[in-house]
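Please read the structure below before turning to the comments.
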Amino acid sequence: MRRNRIATMLLFTAVAATLLSAATLDRLQYSKFDLRHYLTSEQVAFVHPGLNLEVQDVILGEEGIVQVEFTVSDDRGLPLDLEGVFTPGEISARFILARIPAGLNRYEAYTTRVQTSPITNVSAVQPSADSGGTFERLEDGRYLYTYGTRLPADFDPDVTHTVAIYSERDLTDFGLGEPVDNDLFHFVPSGAPVETVREIALTTDCNDCHDPLALHGGVRREVGLCITCHYDGVIDPDTGNSVDMRVMIHKIHRGEDLPSVQAGEPYEIIGFGQRPHNYSEVVFPQDVRNCTTCHGADAMQSQAHLLRPTRAACGACHDDVNFMTGEGHAGGPVMTDNFCANCHFPEGEFEFDASIIGAHTIPNKSNQLAGINITIDEVMGTGPGENPTVIFRSTDDEGNIQAPSEFAFYNLILTGPTEDYTFFASEGVAGAAEPFGDAFSYTFEAAIPDDAEGTFAVGAEAFRNVVLNEGLTNEMSVRETAENPVFFFGVTDVEPVMRRMAVDDAKCESCHEDLALHGTIRHNATDYCQMCHRPDADDSPFRAEEDFPPRSIDFKFMIHRIHMGEELTRDFTVIGFGGSAHNYNSVLYPGDLRNCTTCHVNEAYQVPSQGIEPTIAPREFFSPMPPNTAACVGCHDSQVTAAHAFVNIAPFAESCATCHREGAEFAVSRVHARAEN
């Protein structure tokens, strides 16, 4: 029997190699950050990388028996073997069965278990995967699963039912980890069309930050699957906290800003195996009032948060409100959700009113703001040793001219050369700019260095304080800011050469939504932040002398450290304006840190780096650090890594590219590659 299996497997492999050899010439279109990219055609033909599970049909039998017919295939659609005999890698699949009861807009699962807390001795019925089910092989890659759970005799055949599956394939023997796939199948047992759905948020919206959403061991990745278990009435018996999706997700994302957490009560869920999950330090990377970040327009019920406000959802973020007693609620006690929309309708006449949109208005996005749009038209006097004159203008969104004197703060920044910034000057122009036609001019007091070469740059930043809702009871002051323009000009270059573009602000804002730092006046991570965060920049202007040496704030070093956050092995604290300490060791990056392309463009993660200036980092194991080293030890902050870099640096160059260049055995993309699916 074993000999026959081996013979069959070899024949299958030979046929697959014939079918795939031409297709794998392009490495199956896999990213360089995907481990599958590095497989040979022969390895692809043998391993059949990938996992794709798809429900084909649901069969309802007598006595409540439920069967699911499904297929499993690799990345090219070829069949896979669940047992891992005829194709490598055993595949596990777990099945949930749930329905949306008549008159409700949420799921209830048939597949459940009873969880008893060893802490409180409280028991709770919790949704779970089916147990006691059986698999039957129908043909290559096609199977029939029979649920151990039976439908009750009085089940409603006229409501939406959902089969939710999460599956995992063991390819660890081939260095490909454990590929995962989820599938959802909606049906009405009576045969009627599916009309009732629950789709308030999409996985794609979550993955703007999470890259990818991967929970409960990384195997549950679809929001549609999550809501078949996380619904109203389900609790964590260890803490008593609800794990209803609309409650738990709002609380998790508000994290450290939850009123209860601010009052000293941690927000915690005890998970599988009594593993504690404390969300009290979670910092949402944008304004939490951006409801549409999660409730994207493409979801079928994207307007649900506007049309059906509930005490559970609203009270999750505003957990200092007691709806039963009316404490903290201007409308007094509320016993049901039936009348919430009477006051909290989708949108009212005024910003900041009790409507959903009004109550979630972000002040610096108020329609009452006129807008600030700065453009730099020209720079004159650009030779070595000269004091450059900048011609610039500011307009509101209607095109009306705004004089610099109208602003509370208006600075121009001069820096260069773009090959790697070493010179820097920042000068206030609010009261010093001169009219220049319909624009303004300003001549820097700082001169371009006498020995300057190449291309320099000028940037701008400004804000003014604006009163919103003036004269009303909810009058407030807000800082209105501008995007940061950057203008490049040649000093000795005939044509300006822009600084290398290593990151894109649009990529930052896929998670941060509106990147706004240093009092919200700095926004442009593409080419503005780097003007201040230079290789020789540090926090010495704000760090107390007794706490020297200072910390490097070089962009490539600092940003890697910040995003590495809780994965760092050593303290990373930067002293900011006014001596404020900013510790980043508790930052929880929501994506996969190995995916350099989340932030980087133009393969800027490659070595050798285009930078040439060393990073001055006196608090590190050694300083100065050449460009490649500074970027890499930003994430990899251990003494061992620093030692590895140090012994591979000569007085005249670093040798990182010998092993880490693209195409080398330890290329950056290859050592950061991950098992994807």
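Here's a check for you: in region 623-633, which residue that is open to solvent by 30 Å² or more (accessible area, probe 1.4 Å) and in a loop (DSSP other than H, G, I, E, B) is farthest from GLY454 (Cα to Cα)?
SER623
How many residues, within region 634-650, are touching a residue at least 40 places away in the same chain (Cβ under 8 Å) and part of a loop (DSSP other than H, G, I, E, B)?
Result for region 634-650: 2.
How many of the residues in region 129-150 are of a type outside the set (A, V, I, L, M, F, W, C) and open to solvent by less than 20 Å² (accessible area, probe 1.4 Å)?
Number of matching residues: 5.
To keep it simple, each residue is scored yes or no on (1) closer than 20 Å to GLU63 by Cβ; (2) in contact with an Asp or Glu (Cβ under 8 Å, 6 or more places away or on another chain); (3) not aliphatic (A, V, I, L, M).
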| position | (1), (2), (3) |
| --- | --- |
| ARG106 | no, yes, yes |
| THR112 | yes, no, yes |
| GLN115 | no, no, yes |
| THR146 | yes, yes, yes |
| HIS161 | yes, no, yes |
| ASP173 | no, no, yes |
| PHE187 | yes, no, yes |
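Looking at region 33-52, which of the residues that are within 20 Å of ALA667 (Cα to Cα) and outside any helix (DSSP H, G or I) is most open to solvent (accessible area, probe 1.4 Å)?
Taking the candidates together, the pick is THR40.
If a residue must be under 35 Å from the mean Cα position of the chain (by Cα) and not in a strand (DSSP E or B), how many such residues does region 53-82 contain?
Number satisfying all stated conditions: 8.
Can you confirm whether ARG150 is outside any loop (DSSP other than H, G, I, E, B) and either within 35 Å of the chain's Cα centre (by Cα) or over 20 Å from LEU184 (Cβ atoms) (or both)?
When the stated conditions are applied, ARG150 does not pass them.
Counting just the residues of region 540-592 that are in contact (Cβ under 8 Å) with a residue 60 or more places away in the chain and of a type in the set (A, V, I, L, M), which one comes out surrounded by the most Cβ atoms within 10 Å (Cβ to Cβ)?
Top of the filtered list is MET558.
Please name all residue pairs, on different chains or six or more residues apart, with Cβ atoms under 8 Å, provided the first residue is in region 427-440 and is over 9 Å from ALA403 (Cβ atoms) and open to solvent by 80 Å² or more (accessible area, probe 1.4 Å) and the second residue is part of a strand (DSSP E or B) and of a type outside the set (A, V, I, L, M, F, W, C).
Cβ pairs passing all conditions: GLU434/SER441; GLU434/TYR442; ASP438/ARG393.
Return the pairs, sorted by first residue and then second, in which the second residue is among the hydroxyl-bearing types (Ser, Thr, Tyr), the first residue lies in region 593-612 and is open to solvent by less than 40 Å² (accessible area, probe 1.4 Å), the beta carbons are less than 6 Å apart, and the residues are 6+ apart or on different chains.
CYS596/TYR605
For GLU620, indicate whether it is part of a loop (DSSP other than H, G, I, E, B), out of contact with any Pro (no Cβ under 8 Å at 6 or more places or on another chain) and buried (at least 18 other Cβ atoms within 10 Å of the Cβ).
Spelling it out, GLU620 is indeed part of a loop (DSSP other than H, G, I, E, B), out of contact with any Pro (no Cβ under 8 Å at 6 or more places or on another chain) and buried (at least 18 other Cβ atoms within 10 Å of the Cβ).
Let's see how each residue does on (1) surrounded by fewer than 16 Cβ atoms within 10 Å (Cβ to Cβ); (2) over 25 Å from ASP377 (Cβ atoms):
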site	(1), (2)
GLU470	yes, yes
PRO485	no, no
VAL491	no, no
VAL497	yes, no
HIS512	no, yes
LEU515	no, yes
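Filter region 640-650 for residues that are open to solvent by 70 Å² or more (accessible area, probe 1.4 Å), of a type outside the set (A, V, I, L, M) and closer than 30 Å to LEU171 by Cβ and give the result.
Scanning region 640-650 gives a single hit, HIS644.
Here's the yes/no breakdown for (1) free of Cβ contacts under 8 Å to residues at least 60 places away in the same chain; (2) open to solvent by 60 Å² or more (accessible area, probe 1.4 Å):
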{"site": "ASP57", "(1), (2)": "yes, yes"}
{"site": "GLU63", "(1), (2)": "no, yes"}
{"site": "VAL66", "(1), (2)": "no, no"}
{"site": "THR71", "(1), (2)": "no, no"}
{"site": "ASP74", "(1), (2)": "yes, no"}
{"site": "PRO79", "(1), (2)": "no, no"}
{"site": "THR87", "(1), (2)": "no, no"}
{"site": "ALA93", "(1), (2)": "no, no"}
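Pairs please, first residue from region 651-667 and surrounded by fewer than 16 Cβ atoms within 10 Å (Cβ to Cβ), second anywhere and polar (S, T, N, Q) and not in a loop (DSSP other than H, G, I, E, B), Cβ atoms under 9 Å, 6+ apart in sequence or on different chains.
Filtered contacts from region 651-667: GLU662/SER669; ALA664/THR658.
Among the numbered conditions (1) out of contact with any Cys (no Cβ under 8 Å at 6 or more places or on another chain); (2) part of a loop (DSSP other than H, G, I, E, B), tell me where LEU515 comes up short.
Failing condition for LEU515: (1).
Among the listed residues GLU480, GLU461, which satisfies the condition of being open to solvent by less than 70 Å² (accessible area, probe 1.4 Å), in contact with a Phe, Trp or Tyr (Cβ under 7 Å, 6 or more places away or on another chain) and closer than 27 Å to PRO404 by Cβ?
On inspection, the qualifying residue turns out to be GLU480.
For region 263-279, name all the residues that are open to solvent by 50 Å² or more (accessible area, probe 1.4 Å) and small (Gly, Ala, Ser).
Those that are open to solvent by 50 Å² or more (accessible area, probe 1.4 Å) and small (Gly, Ala, Ser): ALA263, GLY264, GLY273.
Is it fair to say ASP170 is more than 30 Å from ASP34 (Cβ to Cβ) and either among the basic types (Lys, Arg) or modelled with pLDDT of 95 or more (or both)?
Here the answer is no, as ASP170 does not meet what is asked.
For region 340-373, which residues satisfy the criterion of being touching a residue at least 24 places away in the same chain (Cβ under 8 Å), surrounded by 16 or more Cβ atoms within 10 Å (Cβ to Cβ) and aromatic (Phe, Trp, Tyr)?
PHE352
I need a count of the residues in region 102-129 that are closer than 25 Å to ARG246 by Cβ and either charged (D, E, K, R) or assigned to a loop (DSSP other than H, G, I, E, B) (or both).
Selection size over region 102-129: 15.
Would you tally the residues in region 332-350 being among the β-branched types (Val, Ile, Thr) and under 32 Å from the mean Cα position of the chain (by Cα)?
Final tally of qualifying residues: 0.
How many residues are touching a residue at least 24 places away in the same chain (Cβ under 8 Å), surrounded by fewer than 17 Cβ atoms within 10 Å (Cβ to Cβ) and among the hydroxyl-bearing types (Ser, Thr, Tyr) if we restrict to region 167-214?
3
Considering PHE284, PHE352, PHE323, which residue is of a type outside the set (Ser, Thr, Tyr), in contact with a Gly (Cβ under 7 Å, 6 or more places away or on another chain) and at positive phi?
Just a single option satisfies the conditions, and that option is PHE352.
The values are calculated or read from the model by the stated rules, or taken from the named source; none is laboratory data. Since this is a predicted model, take the numbers as computed values, not measurements. Counting neighbours? That spans all protein chains shown, and the Cβs are built from the backbone with ideal geometry, glycine included. Only protein heavy atoms, including side chains, enter the accessible area calculation; ligands, DNA and RNA are left aside. Shrake-Rupley method; radii C 1.70, N 1.55, O 1.52, S 1.80 Å.
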